[in-house]
């Protein structure tokens, strides 16, 4: 039981450190996906500038600017905070680990009743089997939750763009 408590404390500390370090490093960095109307192509990067009739993205690898994308070519723009998927996986794994450890403690099969036709009885398992299994499930669920994106429709309309321009300003890339 003491090993379980120690693992619980270590897991909580690690999940808080991962969440804090990502928040400090990437608090204002959002990945951007721009889908165009005509060729149905996507451009990804960071939002560099919002102009009156166009937007400009930065390349993810070297932060070099892409050519401007005119508003009448944009179907929609999606945003997701950088590091959100990893953070979701870490939080999900921590919650799953704790849930598994609480729901499936170690069983002692020495005094268990015998099985009747193979049904019932005691199943021997290691102390951390439930915790590890639930941590994996929690991590997968956390990844799916973290993959969510904020979608802003433009539909090639300058009026939609102007209406959402203030909302999109918070997603601008901030240079160090």
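Largest first, the three principal axis extents of the alpha carbons in the range 36-94 are 45, 24, 20 Å in whole numbers. Extension gain for residue 166 to residue 64 (0.36 nm times residue separation, less C-alpha to C-alpha distance): 34.3 nm. Ranked by the mean number of other Cβ atoms within 10 Å of their residues, highest first, the peptides 74-84, 146-156 come out as 74-84, 146-156. With the simple model of a label 7 Å out from the Cα in the direction of the Cβ, residue 42 to residue 174 spans 2.7 nm.
All of the numbers you see were taken from the coordinates with simple rules; none came from a lab. What you see is a predicted model, and the numbers here were worked out from it, not measured in a lab. Don't worry about glycine lacking a Cβ; one is built from the backbone with ideal geometry, like all the others, and counts go over all protein chains shown.
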